[in-house]
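**Q** Following this message is one structure expressed as structure tokens.
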Amino acid sequence: MTNDILVYVEHLNGAVTDATHELLATARSLASQTGGSVDAAVIGTGASNLAGALGGADRILVAETDDFGAFNPQGHASVFSDVVAARRPAITLVPYTSVGMDVGNHVSVSNELPLVSYCLKVDAADGLTATCQLYAGKIEADVEVDGDRAVFAMLAGAASADDGRTGGVGAVETIQESVADLAVSFVGLTEPEAGDVDITSQDILVAIGRGIESEDNIEEAQELADALGAALAASRPIIDQGWLPKTRQVGKSGLTVKPKVYLTLGISGAPEHLEGMRDSSTIIAVNSDPQAPIFGVAHYGWVGDLFDFIPELNDRLDG
Ligand SMILES: Cc1cc2nc3c(=O)[nH]c(=O)nc-3n(C[C@H](O)[C@H](O)[C@H](O)COP(=O)(O)OP(=O)(O)OC[C@H]3O[C@@H](n4cnc5c(N)ncnc54)[C@H](O)[C@@H]3O)c2cc1C
């Protein structure tokens, strides 16, 4: 075993994701506790071009291959598991994303390591401990690892992505990349439909959630958005109902947005939603439940009925 921290590098279309930079920031602070180094393993198409984007790492382990397409759960996870087996890092970090969980589960099972998910914070000062989010953020659990090695799946926003972009380029090492008998193969990426508003480039977003209750009520929210010069965005249930197109979905399985103002109406603030909007400059939440987790990230909040809030704000904007 080493004192090192190993980071799984998530990347898509030739770019390292923000989630990876957040992992690197977490890894740097953990390395200062363990005295180890920060290693980043980057696997797949274009891997060797990404070393320059991994400034937070001391060593970059590159497995360049086109065999896996954009992402192959078996291929990426097998190669990464082999890295963990060979290097025996004290701490392995994966993002709590659909990619990260495919990889994290595989690494945990094949290396017989505990996997701690939904992590907001990991600490190595006195054994391995973590703070994890439960029940859509309503409860936090302090977790102690039984043993001196573990895999942690970090929630988006647990660290600053910018902090994980600093530092020079680490030493690059090439690692093995072949996996025999892949049972699944990558077919293609489905990009969101073109032609709709691009919510990722808006300054102001009005985001509606299940609290809007029915499709008919969306018009009222749209009027408010128009009055504010904003675009309408939504949580996943609104998209799943078919009330707005997928291009308006914010969150883990939708888009990541960072507008100047993000006004939520009837959104609870589940981790999967927060993942897509928590870096907005100003977050304003309207929710009738004072315990709603959205108030944990909001800069301004109003506890009350959104159907009182919308006409009141519309009136003031008219006046
Ligand atoms: C793998 C996976 C991926 C996911 N990806 C996403 C994603 O990309 N984006 C996403 O958003 N979710 C995603 N989810 C779903 C997520 O877990 C939540 O279920 C979802 O975000 C909840 O949406 P919501 O806040 O609109 O609804 P709810 O959680 O039902 O919250 C509704 C809120 O409205 C409030 N409310 C009700 N009536 C009123 C009123 N009249 N006035 C004011 N407030 C009111 C309630 O107090 C409540 O807090 C994903 C889940 C999984 C498992």
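The values are calculated or read from the model by the stated rules, or taken from the named source; none is laboratory data. Here the structure is a predicted model, which means the values were calculated and not measured. Every residue, glycine among them, receives a Cβ derived from its backbone with ideal geometry; neighbour counts consider all protein chains shown. Keep in mind that these areas ignore ligands, DNA and RNA; they rest on the heavy atoms of the full protein, side chains included. Shrake-Rupley method; radii C 1.70, N 1.55, O 1.52, S 1.80 Å.
**Q** Rounded to the nearest 0.05, what FRET efficiency is calculated for residue 49 and residue 134 with R0 set to 30 Å and r the Cβ-Cβ distance? Spell out each step's value before the answer.
**A** On the way: r = 39 Å, r/R0 = 1.29.
Efficiency computed from Cβ-Cβ geometry: 0.20.
**Q** Now a separate question. Which order do peptides 249-256, 261-268 fall in by mean Cβ count within 10 Å, highest first? Could the numbers behind the result be given before it?
**A** Values: 249-256: 21.1, 261-268: 26.4.
Peptide ranking by packing, descending: 261-268, 249-256.
**Q** Over all directions, the average projected area of the alpha-carbon convex hull for the stretch 171-319 comes to how many nm²? Each step should come with its number before you reach the end.
**A** On the way: hull surface 51.6 nm².
Here the figure is 12.9 nm², rounded to one decimal.
**Q** Give me the number: length gained by fully extending residue 162 to residue 112, i.e. 0.36 nm times residue separation minus the C-alpha to C-alpha distance, one decimal in nm.
**A** 14.7 nm
**Q** Okay, moving on. Can you divide the C-alpha Rg of the stretch 231-299 by 2.2 N^0.38 Å and report the result to two decimal places? Could you put the intermediate results ahead of the total?
**A** Values: Rg = 11.0 Å, N = 69, 2.2 N^0.38 = 11.0 Å.
The reported ratio for this selection is 1.00.
**Q** Select from 144, 219, 191 the residue whose mean-square fluctuation is largest in a Gaussian network model of the chain (Cα-Cα springs shorter than 10 Å).
**A** In the Gaussian network model the winner is 191.
**Q** Any chance you could check the Cα centroid distance between the stretch 16-77 and the stretch 190-240 for me, in angstrom?
**A** Measuring centre to centre over Cα atoms gives 34 Å.
**Q** Enter the accessible area of residue 11 (Å², nearest 10), with the probe set to 1.4 Å and all protein chains included.
**A** 30 Å²
**Q** To make sure I understand the rule: partners must be aspartates and glutamates, Cα under 15 Å from the Cα of residue 138, and not fewer than 8 residues away in the same chain. Which ones qualify?
**A** The qualifying aspartates and glutamates are 272, 289.
**Q** Just to be sure I understand the model, the point goes 7 Å from the Cα along the line to the Cβ. What's the resulting residue 196 to residue 281 distance in nm?
**A** Between residue 196 and residue 281, the simple spin-label model gives 2.5 nm.
**Q** Continuing with this model, one more query. Each label point is 7 Å from the Cα along the Cα-to-Cβ direction; what then is the distance between the points at residue 12 and residue 169, in nm?
**A** 2.6 nm
**Q** Test of understanding: in a Gaussian network model of the chain with alpha carbons linked when under 10 Å, which of 205, 24, 50 would top the mean-square fluctuation ranking?
**A** 50
**Q** I'd like the carbon and sulfur percentage of the solvent accessible area for the stretch 12-101, probe radius 1.4 Å, heavy atoms only, ligands and nucleic acids excluded. Don't skip to the end; give the middle numbers.
**A** Numbers: 1340 of 2720 Å².
Solvent-exposed carbon and sulfur of the stretch 12-101 make up 49 percent of the total.
**Q** Working from Cα positions, state the angle (0 to 90°, nearest 10) between the long axis of helix 18-34 and the longest principal axis of the chain.
**A** It is inclined by approximately 50 degrees.
**Q** Can you give the FRET efficiency to the nearest 0.05 for residue 213 and residue 66, using r as the Cβ-Cβ distance and R₀ = 45 Å?
**A** Working: r = 48 Å, r/R0 = 1.07.
After rounding, the FRET efficiency stands at 0.40.
**Q** Measuring from centroid to centroid over Cα atoms, what is the spacing of the stretch 111-172 and the stretch 279-302 in Å?
**A** If we compute the Cα centre of each part, the gap is 24 Å.
**Q** Taking amide H positions as placed 1.01 Å from N in the peptide plane, with prolines and chain starts having none, which residues 5 or more places from residue 301, or on another chain, fall under 5 Å of its amide H?
**A** It is 285, by chain and number.
**Q** Ok, one more. Comparing 228, 54, 128, which has the greatest mean-square fluctuation in the GNM of the chain with Cα pairs linked when under 10 Å apart?
**A** With Cα springs under 10 Å in the chain, the top fluctuation among 228, 54, 128 is at 228.
**Q** May I ask for the angle, rounded to the nearest 10°, between helix 218-228 and the longest principal axis of the chain, with both axes built from Cα atoms and the value confined to 0 to 90°?
**A** Approximately 90 degrees, to the nearest 10.
**Q** At R0 = 22 Å, how high is the FRET efficiency between residue 126 and residue 88 if r is their beta carbon distance? Nearest 0.05 is fine. Each step should come with its number before you reach the end.
**A** Values: r = 21 Å, r/R0 = 0.96.
Efficiency, from the Cβ-Cβ distance: 0.55.
**Q** Over the chain, with the other protein chains present, what is the accessible area per residue in square angstrom, probe 1.4 angstrom? It would help to have the intermediate numbers written out before the result.
**A** On the way: 14510 Å² over 319 residues.
Dividing the accessible area of the chain by its residue count gives 45 Å².
**Q** Angle between the Cα long axis of helix 98-111 and the longest principal axis of the chain, 0 to 90 degrees, nearest 10?
**A** Long axis of 98-111 versus the principal axis of the chain: about 30 degrees.
**Q** Still on this structure: Per DSSP H run of at least 4 residues, take -39500 (n - 2.57); add these up for the chain, divide by its residues and hand me the 222 nm value, nearest 500 deg cm²/dmol. Walk me through the numbers before you get to the answer.
**A** Numbers: 7 runs with 79 residues, N = 319.
So the helix-based figure for the chain works out to -7500 deg cm²/dmol.
**Q** Report the label-to-label distance for residue 148 and residue 181 in nanometres (one decimal), using points 7 Å from each Cα along the Cα→Cβ vector.
**A** In this crude spin-label approximation the distance works out to 3.6 nm.
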